[in-house]
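Below is one structure, written out as C-alpha cells; comments come after it.
The values are calculated or read from the model by the stated rules, or taken from the named source; none is laboratory data. In this text, all values refer to a predicted model and were calculated from it rather than measured experimentally. In this analysis, Cβ positions are derived from the backbone assuming ideal geometry, glycine residues included, and neighbour counts consider all displayed protein chains. For the accessible areas, the whole protein counts, side chains as well, though only heavy atoms, and no ligand, DNA or RNA atoms are used. Shrake-Rupley method; radii C 1.70, N 1.55, O 1.52, S 1.80 Å.
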Amino acid sequence: MPSTEGVRVTIFNQTYSLVASEEPGRIELLAQKVDDLMSKIAAHGANVDATRAAVLACLHMADEIDTLEQQLTDLKQKVEHKAREFSLLLDEAIAPDPRSPQSPLPSSRF
C-alpha cells in the first residue's frame with residue numbers, strides 16, 4: 001500500500017489540507033497551477049466568484065486534456081503506421097530476391 005502524507009495547499013485564497021499518496025511537492029505544484037489559472041480567470045472577468053472561477057478552470061483543463069489525448073491518439077497512429085512501413089522494408093531487405101540466381105547450398109555428407 002502506498003504511503004500517504006499530508007500536504008497543505010492554498011488555491012484561490014482557500015487553504016486545503018490534503019492527503020497525498022505521491023510526492024507532496026508535485027501536489028503543491030499542481031495546486032499552484034490551479035491557483036494561477038483561477039486567478040487569471042478572475043482577473044479577466046467582472047464579479048467572478050470562486051465557484052465560477054473553479055468551473056471555468058476545470059473547463060479549461062478539460063479542454064487541454066482532450067487536446068492532449070487527441071494528439072496522443074494521432075501520435076500513436078503515426079507510430080503504428082511507421083512501424084508497419086519499417087516492418088515491410090525490413091521484410092524486403094531480408095527476403096531473398098526471387099530474380100537473383102540462387103546458389104545451391106553445399107550438401108553435407110555423413
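Say we look at the stretch 6-21 and pick out the residues that are without any contact (Cβ under 8 Å) to a residue 40 or more places away in the chain and surrounded by 13 or more Cβ atoms within 10 Å (Cβ to Cβ); which of these is farthest from ASP49 (Cα to Cα)?
Step one: list which residues in the stretch 6-21 are without any contact (Cβ under 8 Å) to a residue 40 or more places away in the chain, which gives 6-11, 13-21.
Within this subset, residues satisfying the condition of being surrounded by 13 or more Cβ atoms within 10 Å (Cβ to Cβ) are 7, 9, 11, 18, 20.
On the way: VAL7: 25, VAL9: 19, ILE11: 13, LEU18: 23, ALA20: 27 Å.
The qualifying residue farthest from ASP49 (Cα to Cα) is ALA20.
Among the residues of the stretch 6-15, is any at pLDDT 95 or above, among the aromatic types (Phe, Trp, Tyr) and not in a helix (DSSP H, G or I)?
The answer is yes, given that some residue of the stretch 6-15 is at pLDDT 95 or above, among the aromatic types (Phe, Trp, Tyr) and not in a helix (DSSP H, G or I).
Quick one: what pairs do we get from the stretch 38-54, first residue part of a loop (DSSP other than H, G, I, E, B), second aliphatic (A, V, I, L, M), C-beta under 6 Å, 6+ apart or different chains?
As it stands, the answer is VAL48/ALA42, since those pairs meet every condition given.
In the stretch 30-50, how many residues are under 20 Å from GLU64 (Cα atoms) and open to solvent by less than 100 Å² (accessible area, probe 1.4 Å)? Explain how you work it out, then say what you get.
In the first step, residues of the stretch 30-50 are kept if they are under 20 Å from GLU64 (Cα atoms); the result is 30-42, 44.
Next, only the ones that are open to solvent by less than 100 Å² (accessible area, probe 1.4 Å) stay: 30-32, 34-39, 41-42.
So the count comes out to 11.
For residues that are surrounded by 10 or more Cβ atoms within 10 Å (Cβ to Cβ) and among the charged types (D, E, K, R), tally how many sit in the stretch 85-100.
Going through the stretch 85-100 one residue at a time, the tally reaches 1.
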